[in-house]
Amino acid sequence: SQTIHQWPATLVQPVGSPLSLECTVEGTSNPNLYWYRQAAGRGLQLLFYSVGIGQISSEVPQNLSASRPQDRQFILSSKKLLLSDSGFYLCAWSEQGTGELFFGEGSRLTVL
Amino acid sequence: TQLLEQSPQFLSIQEGENLTVYCNSSSVFSSLQWYRQEPGEGPVLLVTVVTGGEVKKLKRLTFQFGDARKDSSLHITAAQPGDTGLYLCAGSHPSGTYKYIFGTGTRLKVLA
């Protein structure tokens, strides 16, 4: 069966520090991969999505970036965090051609 | 501007009551998904509706896709405290097949 894991689950970072969130999927190949951010109790904002290795589509211009170095690995990064980067970050995958997303456990980022 | 608007934003009801949550858009979607999310976790897929006018039932939950595929509704019969959570609709953005966007969310609280 397919599984998705993202880490770390929680982190507190100072303004201006770098960020790296990692996500891996097991049990499937060539998945579509997604990073979303969620404000408290609200809907999900699509940040990046990828349909293949090295293929990244960015939805929101900001100081975040994403990379897909391997088929089932998706990384969210920042060189310098801003206060506004605080939030709940969710990684998700879907099979090519379906609209059904499967989410990781989430990473809560607090920037101080 | 949100492409998928949900209403109501918040809903607090007593156990045993019925409720309906709406997901509306001015755009046509090839399919819509409904998810439920609990605090600190990723959303979990409940259902996918594909055909205009389609009705799907999942125990006490009834999902409907509008005839024009621009809107959807979720009806819960005899709500229970276990139904408490954030309900999200989602769909493939009209501009991109793999670009999945989410609605604004409806936070439901069912009181015992």
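The values are calculated or read from the model by the stated rules, or taken from the named source; none is laboratory data. The structure presented is a predicted model; accordingly, all values stated were derived computationally and were not measured. Cβ coordinates were reconstructed from backbone atoms using ideal geometry, including for glycine residues, and neighbour counts include every protein chain displayed. Surface accessibility is based on the protein's heavy atoms, side chains included, excluding ligands, DNA and RNA. Shrake-Rupley method; radii C 1.70, N 1.55, O 1.52, S 1.80 Å.
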Take the conditions in a loop (DSSP other than H, G, I, E, B) and either open to solvent by less than 20 Å² (accessible area, probe 1.4 Å) or touching a strand residue (DSSP E or B) at 6+ places or on another chain (Cβ under 7 Å) (or both) and apply them to B:L3. Does it pass? yes
Looking only at residues that are more than 13 Å from every other protein chain (Cβ to nearest Cβ) and open to solvent by 30 Å² or more (accessible area, probe 1.4 Å) in segment A:25-52, which one is farthest from B:L108 (Cα to Cα)? A:S29
For A:G87, state whether it is in contact with a Lys or Arg (Cβ under 8 Å, 6 or more places away or on another chain) and of a type in the set (G, A, S). yes
Go through segment B:55-82 and count every residue that is open to solvent by less than 50 Å² (accessible area, probe 1.4 Å), touching a strand residue (DSSP E or B) at 6+ places or on another chain (Cβ under 6 Å) and either assigned to a loop (DSSP other than H, G, I, E, B) or free of Cβ contacts under 8 Å to residues at least 40 places away in the same chain (or both). 5
What tally of residues in segment A:72-95 results from selecting those that are in contact (Cβ under 8 Å) with a residue 40 or more places away in the chain and out of contact with any strand residue (DSSP E or B) (no Cβ under 6 Å at 6 or more places or on another chain)? 4
Tally the residues that are in contact (Cβ under 8 Å) with a residue 24 or more places away in the chain, touching a Gly at 6+ places or on another chain (Cβ under 7 Å) and open to solvent by 40 Å² or more (accessible area, probe 1.4 Å), restricting the search to segment B:21-54. 2
Taking the stated definitions as given, is B:R107 touching a residue at least 60 places away in the same chain (Cβ under 8 Å), among the basic types (K, R) and either under 14 Å from B:P8 (Cα atoms) or surrounded by 14 or more Cβ atoms within 10 Å (Cβ to Cβ) (or both)? yes
When segment A:19-56 is checked residue by residue, the ones that are part of a loop (DSSP other than H, G, I, E, B) and touching a Ser or Thr at 6+ places or on another chain (Cβ under 6 Å) are A:G27, A:G43
So, in segment B:12-54, how many residues would count as being more than 13 Å from the chain's Cα centre (by Cα) and assigned to a strand (DSSP E or B)? 3
